[in-house]
1. Among the numbered criteria (1) open to solvent by 30 Å² or more (accessible area, probe 1.4 Å); (2) over 21 Å from L36 (Cα atoms); (3) in contact (Cβ under 8 Å) with a residue 12 or more places away in the chain, which one does V164 miss?
2. Looking at segment 137-153, can you tell me whether even one residue there is assigned to a helix (DSSP H, G or I) and within 25 Å of F60 (Cβ to Cβ)?
3. Restricting the search to segment 126-161, which residues are in contact with a helix residue (DSSP H, G or I) (Cβ under 8 Å, 6 or more places away or on another chain) and open to solvent by 20 Å² or more (accessible area, probe 1.4 Å)?
4. Which members of segment 192-205 meet the condition of being in a helix (DSSP H, G or I), open to solvent by 30 Å² or more (accessible area, probe 1.4 Å) and in contact (Cβ under 8 Å) with a residue 40 or more places away in the chain?
5. Contact list please: Cβ distance under 9 Å, first residue in segment 167-185 and under 14 Å from L150 (Cβ atoms), second residue among the acidic types (D, E) and surrounded by 22 or more Cβ atoms within 10 Å (Cβ to Cβ), pairs at least six apart or on different chains.
6. Being at pLDDT 95 or above, farther than 26 Å from Q19 by Cα, of a type in the set (A, V, I, L, M, F, W, C) and out of contact with any Ser or Thr (no Cβ under 6 Å at 6 or more places or on another chain) narrows it down to one residue among A163, A191, A198, A180; which is it?
7. Show me the strands (runs of 3 or more DSSP E) entirely contained within segment 24-125 in which 3 or more residues are open to solvent by 60 Å² or more (accessible area, probe 1.4 Å).
8. Does L169 qualify as being out of contact with any Leu (no Cβ under 6 Å at 6 or more places or on another chain), among the hydrophobic types (A, V, I, L, M, F, W, C), closer than 23 Å to P29 by Cα and open to solvent by 30 Å² or more (accessible area, probe 1.4 Å)?
Amino acid sequence: MARAALGDLSSIEAIAVEQARLGSLDPSPWRPVGRLTAAGVFVAFARGQEGPGRAGDEGFVGAALTRETNPLGEVVVPGRAGGAYRPGYLVQREGAMIVSALLALFEAHGVPDVMLVDATGRDHPRRAGLALHVGAALGVPSVGVTHRPLHAGGPEPVDEDGAVSDLWLDGELVGCWYRAQRGVRPVAVHAGWQTDPATATYVVRTVTGSARTPEPLRLARCAARTARAEAAARA
């Protein structure tokens, strides 16, 4: 991949400038065609290093590729956190680790149509959460999927399979709630790089199987947590 620069991550001031720049851009919208290939990426920090943490925390980044819900391959890359967690600045803590894992996945299994990141996108003070930031760095359309919004708000959808409801931030539609199945908690779906809320929701619906979590993210999470457990057992 030619583009893989996250910008200056040395200070929150520099990150804020880069986020504001990315958030102001209007990239060509991506529209899915045919059967989707989707990458998911998830960071599992070593036990005792979750929460805000600090720079240097040990982590394991799982990245998985699927065609819709069918697994195609996965990798796990160890890494170190670039900083403590600060709301709105997750890219400093996890960005470089995530990019490294995705590049390894792409090299081993090919570049996907779209990426799913355990982070927000347009639901962000500067409209450039980690999911958007990573998509821009790699030049691949991206979608964020989280348990809850960062700043956006909106009522949860009705309790039906595939139900959707809007998430708004300062009068702008930035994402959606998506409930995969009746009786299951919804996930927050975030517009990211080259995606709008409707496209992001289509992607999540297409790559979600029987679990609440979209399959690329679920596989990436399992891989990362397994690697963490194996490392702890060897210690």
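1. (2)
2. yes
3. Correct list: R126, R127.
4. Y202, R205
5. Taking only residues 6 or more apart or on different chains, the pairs are L167/D123; L169/D123; V174/D123; G175/D123.
6. Of A163, A191, A198, A180, the one residue that is at pLDDT 95 or above, farther than 26 Å from Q19 by Cα, of a type in the set (A, V, I, L, M, F, W, C) and out of contact with any Ser or Thr (no Cβ under 6 Å at 6 or more places or on another chain) is A163.
7. Ranges flagged: 70-80.
8. So L169 fails the test.
The values are calculated or read from the model by the stated rules, or taken from the named source; none is laboratory data. All of these numbers come straight from a predicted model, not from anything done at the bench. FYI the Cβ positions are ideal-geometry reconstructions off the backbone, even for glycines, and counts take in every protein chain you see. Accessible surface areas use protein heavy atoms only, side chains included; no ligands, DNA or RNA. Shrake-Rupley method; radii C 1.70, N 1.55, O 1.52, S 1.80 Å.
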